[in-house]
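Working notes, structure below.
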Amino acid sequence: MFTLKSLPYAAEALAPHISGRTMNLHHGKHHQAYIDNLNKLIEGTAYEKMELEDIIKETHGKEDLVSIFNNAGQVYNHFFFWESLRPAQETINVPADLLTQIDRDFGSFEKMAEQFKAVALSQFGSGWTWLALEEDKLKIIKAPNGEPAFLKGAKPLLALDVWEHSYYLDYENRRAEYVDAVLNHLFNWDFAARNAIS
Ligand code: MN
């Protein structure tokens, strides 16, 4: 049985960029629902005793298992997303080694952020945007629905949920403003740096 872990910060800690109301709904209702659905779907099956990542790999691309895949992917992605954020700050603090890598692979932090935003806006409908390492090179990648970045052979550093439920209450249809706010105030670059070397 999978269970919902508490957020690593108060639901209000991301305000004014993401409201406590959004966080409470997103974590307490949406993430909880994916967990409840997954638990129900795998009850009494071989998947019940598997790690989350293995369930995702095993059900990927199998038409009859798409519900398990979708819910397991969303359970995994949301756990990763909560860790990708930290309480709101006015400044962006990227650890030196990660910043060197960003400069090497994108030219500058600003160019990386521009590309991240463009990719996040280009995801048609629901999905995710990731900063990830692919063969030791940093890349921005996107995936539809609940598909995790590791299925593309990439090691995820940061995740951004671009489903409307993650921003609609605070930004209505203005996804670009939400992406800017996360890039400038909420991403946890220490978490990204730890993932890069792990
Ligand atoms: Mn979500």
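The values are calculated or read from the model by the stated rules, or taken from the named source; none is laboratory data. Being a predicted model, the structure only gives us computed values, none of them experimental. Neighbour counts run over all protein chains shown; Cβ positions are idealised from the backbone, glycine included. Accessible surface areas use protein heavy atoms only, side chains included; no ligands, DNA or RNA. Shrake-Rupley method; radii C 1.70, N 1.55, O 1.52, S 1.80 Å.
With respect to residue 138, determine if the residue is open to solvent by less than 10 Å² (accessible area, probe 1.4 Å) and not in a helix (DSSP H, G or I). Before you say what the answer is, go through the steps one by one.
Values: open to solvent by less than 10 Å² (accessible area, probe 1.4 Å): yes; not in a helix (DSSP H, G or I): yes.
Answer is yes for this residue.
Output the number of residues of segment 16-58 satisfying the condition of being away from the ligand (no atom under 14 Å from the Cβ) and either in contact with a Lys or Arg (Cβ under 8 Å, 6 or more places away or on another chain) or open to solvent by 20 Å² or more (accessible area, probe 1.4 Å) (or both).
Step one: list which residues in segment 16-58 are away from the ligand (no atom under 14 Å from the Cβ), which gives 16-17, 19-21, 36, 38-58.
Checking which are either in contact with a Lys or Arg (Cβ under 8 Å, 6 or more places away or on another chain) or open to solvent by 20 Å² or more (accessible area, probe 1.4 Å) (or both) leaves us with 16-17, 19, 21, 36, 40-41, 43-51, 53-54, 57-58.
Residues meeting the conditions: 20.
For residue 157, are the conditions met, namely being surrounded by 23 or more Cβ atoms within 10 Å (Cβ to Cβ) and away from the ligand (no atom under 16 Å from the Cβ)?
Taking the combined requirement at face value, the residue satisfies it.
Six or more apart or on different chains, Cβ under 6 Å: which pairs go from a residue in segment 1-24 that's in contact (Cβ under 8 Å) with a residue 40 or more places away in the chain to one that's surrounded by 17 or more Cβ atoms within 10 Å (Cβ to Cβ) and part of a loop (DSSP other than H, G, I, E, B)? Could you list them?
That search, which allows pairs on different chains as well, returns 14/88; 17/88.
Against the definition (under 24 Å from residue 139 (Cβ atoms) and either assigned to a helix (DSSP H, G or I) or not hydroxyl-bearing (Ser, Thr, Tyr) (or both)), how does residue 90 come out, yes or no?
On the way: under 24 Å from residue 139 (Cβ atoms): no; either assigned to a helix (DSSP H, G or I) or not hydroxyl-bearing (Ser, Thr, Tyr) (or both): yes.
Here the answer is no, as residue 90 does not meet what is asked.
Picking from 83, 53, 58, which residue would you name as being free of Cβ contacts under 8 Å to residues at least 60 places away in the same chain, among the charged types (D, E, K, R) and assigned to a helix (DSSP H, G or I)?
Numbers: 83 fails: free of Cβ contacts under 8 Å to residues at least 60 places away in the same chain; 53 fails: free of Cβ contacts under 8 Å to residues at least 60 places away in the same chain.
Exactly one of 83, 53, 58 is free of Cβ contacts under 8 Å to residues at least 60 places away in the same chain, among the charged types (D, E, K, R) and assigned to a helix (DSSP H, G or I), namely 58.
Within segment 118-129, how many residues are out of contact with any Leu (no Cβ under 7 Å at 6 or more places or on another chain) and part of a helix (DSSP H, G or I)? Step through it out loud before you land on a result.
Going through segment 118-129, the residues out of contact with any Leu (no Cβ under 7 Å at 6 or more places or on another chain) turn out to be 118-119, 121-127.
Imposing the further condition that a residue be part of a helix (DSSP H, G or I) reduces the set to 118-119, 121-122.
So the answer is 4.
Six or more apart or on different chains, Cβ under 6 Å: which pairs go from a residue in segment 105-118 that's closer than 15 Å to residue 182 by Cβ to one that's surrounded by 15 or more Cβ atoms within 10 Å (Cβ to Cβ) and not aliphatic (A, V, I, L, M)? Could you list them?
From residues that are closer than 15 Å to residue 182 by Cβ, the pairs are 112/106.
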